[in-house]
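Shown next, in C-alpha cells, is the structure this report addresses.
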Amino acid sequence: MRSRYKISAEDGCYFITSTIVEWLPIFTSKPYFDIMIDSLTFCRNEKKLQLFGYVIMDNHFHLIITGPNLTRTITDLKKFTAKKVIEQLQVDRKEWLLNQLAYFKKRHKTKSYYQVWQEGHHPKLIESGDMLIQKLEYIHNNPVKRGLVVQPEHWLYSSARNYLLEDSSIIQLDLLPV
C-alpha cells in the first residue's frame, strides 16, 4: 500500500472510499444498507468515530470522518460488515453473489471463504474547508451522477438528507469541524 493511501494524521479529517470486490452490487435493499448504518452508528457510539458526511451506493461507500485510531476503526467496520453481509446473503440465498465473493477472494485471504471488500480504504486528508465542501458535494452527487435520483437529498442513504432536509432519521452526523 502506498503512503498516500495511509492515514498519516490520526487526528485529521479524512475522505474515505471503500469498494466491494469487483464492484459487485451488495447494497441493493434495506437489510444490506442497515448493516452499514448500524455499523457506522456503533462506531460513532463506541469508538468515538465522528461522521461528517457519507453516501452508501450499491457497491461502495464514501465517508468524511475523523476519530481516534481511525485505521483500526475502519478495519473493524469493514470486517464486521463483511461478516454481516455474508450472513444476510446466506439468509437471502443469493448464491450467485456468494459464488462471486468466493471466486474473487484474494489467495492470501486464508481466514475466510469469501472476500466482500477490496483491500484498503483510500484515505485522503481533508486539508481545508474548501476541500471539505468539495468532497461533500462529490459524495452527495454520486447517486445523481449514477442516474438513481434527480436530487441528492432523494437518495435515502446519504448525508445530503441531513444537510438539505435536516433529516437525521437514518444516522446522526457530527458537527462539521470549523
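The values are calculated or read from the model by the stated rules, or taken from the named source; none is laboratory data. None of these values were measured; they are calculated from a predicted model. FYI the Cβ positions are ideal-geometry reconstructions off the backbone, even for glycines, and counts take in every protein chain you see.
Some notes on this structure:
- If you go through the range 76-88 and keep only what is free of Cβ contacts under 8 Å to residues at least 40 places away in the same chain and either hydroxyl-bearing (Ser, Thr, Tyr) or farther than 13 Å from VAL21 by Cβ (or both), you end up with ASP76, LEU77, LYS79, LYS83, GLU87.
- Failed item in (1) surrounded by 12 or more Cβ atoms within 10 Å (Cβ to Cβ); (2) free of Cβ contacts under 8 Å to residues at least 40 places away in the same chain; (3) touching a helix residue (DSSP H, G or I) at 6+ places or on another chain (Cβ under 8 Å); (4) within 20 Å of LYS30 (Cα to Cα), with SER158 passing the rest: (2)
- Elements of the type helices (runs of 4 or more DSSP H) sitting completely within the range 1-119 and holding at least 1 residues that are modelled with pLDDT under 95 and out of contact with any Leu (no Cβ under 6 Å at 6 or more places or on another chain): these cover 70-91, 95-103.
- Figure legend. Inter-residue proximity from the range 126-154: first residues under 18 Å from ASP167 (Cβ atoms), second residues among the charged types (D, E, K, R) and in a helix (DSSP H, G or I), beta-carbon distance below 9 Å, spacing 6+ or different chains. Indicated pairs: HIS140/GLU153; PRO152/GLU137; PRO152/ARG161; GLU153/ARG161; HIS154/ARG161.
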